[in-house]
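Reading through the structure tokens given below for one structure.
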Amino acid sequence: MCEKPLQNYYFKYDKDAFNKLFSKTRGLFLESDYVVGNLETVFAGKQAGYTDHIYCFNTPDSFAESLAESGIGMVTTATNHALDRGVCGLLRTLNILDDNGIEHTGTFRGLADNVYVKDIKGMKIGFISYTYGTNTHETNIILSEEQRCLLNLLQPQSYKHQQLEKSSSSNNSLWRTLSRGAFRWLSIENRIKINRLLHRPYNISRIDALSREEKENIFYEKLEADISYAKKESDLLFVCTHMGGQFNAKPGDFSRYIARSVAAMGADFVISNHAHVVHPFEKIDNTYVFYCLGNYSISPSSIYVLHDLKPEYSICLHVYIDVKSKDAKCTFSILKIVETRNGQLIVWPIDELSEQLDIKERILLQRDVTFIYNRFLEENQKSVELKREYPILGDFNRNGILC
């Protein structure tokens with residue numbers, strides 16, 4: 001992501017800000033044969049207006065250049081922000097990614113294969129990218145039936161399936177009624193600013209629910225067809241879903257339903273993002289499911305961010321594959337976003353970051369890392385060492401046998 005604080009820093013202070021953002025993870029990425037990220041913005045060009053809204057994005061093209069320079073080889077583009085600047089923005093984004101040598105899947109120029117297969121050292125790796133929706137409440141953009149081939153959707157764009165997870169003092173119905181009347185003429189950002197100034201809840205975590213109609217959704221038939229095709233064309237299949245709540249503690253019924261459905265369809269990995277905080281992973285039969293890896297480059301100072309579950313941390317998932325046996329082994333690194341007062345971001349692997357800190361700061365970092373580690377693996381370690389890489393238990397081979 002590239003939100004307003006970082007974008008403003010880029011324009012006001014330093015045109016090298018995007019390169020600096022990725023500078024500390026480049027070494028980690030270059031250790032891999034192929035690096036895949038989730039792109040949650042568009043490159044619609046200056047004429048379309050850069051990001052001026054907290055929930056609707058458009059980023060300078062130089063951000064794509066910095067992504068490529070950092071070692072990112074591919075991005076998934078089916079996200080809730082894919083239509084933030086309409087169909088033209090979606091299409092131009094693909095052009096900018098192509099210009100910078102970044103491969104992509106999830107959004108398309110027209111009728112095309114919905115499965116991307118990458119040959120890595122003679123092994124075929126399949127990628128499928130789908131999103132739950134496209135922020136129609138912000139953009140009012142609904143694709144026509146003819147345009148649906150531009151974007152992989154898990155459900156109709158008009159569906160709304162998020163519910164408030166917790167609301168604490170916001171349960172005061174009188175306050176909510178007064179707020180709606182007094183604030184209706186203000187922008188969302190200004191409403192949040194006023195609530196923060198008044199020490200009122202300014203945002204509420206949301207969890208994704210599941211309706212009966214969604215279980216009968218014809219959109220799943222397309223996903224199942226894609227997975228069936230991909231299994232024939234690839235040795236290992238990653239299904240990358242953009243779904244979940246917002247700052248919620250655990251995945252909701254919708255995410256779990258999709259994950260179990262995709263696992264039953266035969267995917268090897270389900271890797272999802274959207275909730276902005278690290279979620280626990282689980283193994284469903286022979287499928288590894290990662291409900292949310294956190295934030296790689298969100299601005300922690302963005303006004304809507306909830307900080308309880310430490311959104312400045314993310315998981316960098318590593319998959320080691322034996323080309324001959326096609327066995328796979330998973331490990332992970334923990335990354336942290338560091339933000340200056342003016343909005344510059346730098347993403348650090350925690351082992352390298354710890355070397356820059358004094359003893360007191362290192363103790364605080366270790367406390368946070370222990371929290372993220374325990375959330376991700378659902379463990380209860382008292383203290384976790386600050387390391388480059390951690391194992392994930394239960395490594396597997398293609399026959400579903402633990403190895």
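Summary of computed values
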read-out: Unmet requirement for LEU364, which otherwise passes all of (1) under 23 Å from the mean Cα position of the chain (by Cα); (2) over 23 Å from LEU6 (Cβ atoms); (3) in a helix (DSSP H, G or I); value: (1)
read-out: Scope region 203-220; condition assigned to a loop (DSSP other than H, G, I, E, B), modelled with pLDDT of 80 or more and not β-branched (Val, Ile, Thr); matching residues; value: ASN203, SER205, ALA209, LEU210
read-out: Answer from ILE298, ILE271 - the residue that is in a strand (DSSP E or B), in the same structural domain as ASP119 (by TED's automatic domain parsing) and either modelled with pLDDT of 95 or more or buried (at least 21 other Cβ atoms within 10 Å of the Cβ) (or both); value: ILE271
read-out: Residue check, GLY106 surrounded by fewer than 22 Cβ atoms within 10 Å (Cβ to Cβ), among the small types (Gly, Ala, Ser), under 20 Å from the mean Cα position of the chain (by Cα) and closer than 28 Å to VAL323 by Cα; value: no
read-out: Top-ranked residue of region 324-352 - restricted to ones that are without any contact (Cβ under 8 Å) to a residue 40 or more places away in the chain and not in a loop (DSSP other than H, G, I, E, B), ranked as surrounded by the fewest Cβ atoms within 10 Å (Cβ to Cβ); value: VAL338
read-out: Test: residue in region 119-132 that is assigned to a loop (DSSP other than H, G, I, E, B) and at pLDDT below 75; value: no
read-out: Any chance LEU377 is within 22 Å of SER302 (Cβ to Cβ), of a type outside the set (Lys, Arg) and touching a strand residue (DSSP E or B) at 6+ places or on another chain (Cβ under 8 Å); value: no
read-out: Test result for LEU306, of a type outside the set (Gly, Ala, Ser), part of a loop (DSSP other than H, G, I, E, B) and surrounded by fewer than 22 Cβ atoms within 10 Å (Cβ to Cβ); value: yes
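The values are calculated or read from the model by the stated rules, or taken from the named source; none is laboratory data. All of these numbers come straight from a predicted model, not from anything done at the bench. Positions of Cβ are generated from backbone atoms using ideal geometry, with glycine treated the same way; all protein chains shown enter the neighbour counts.
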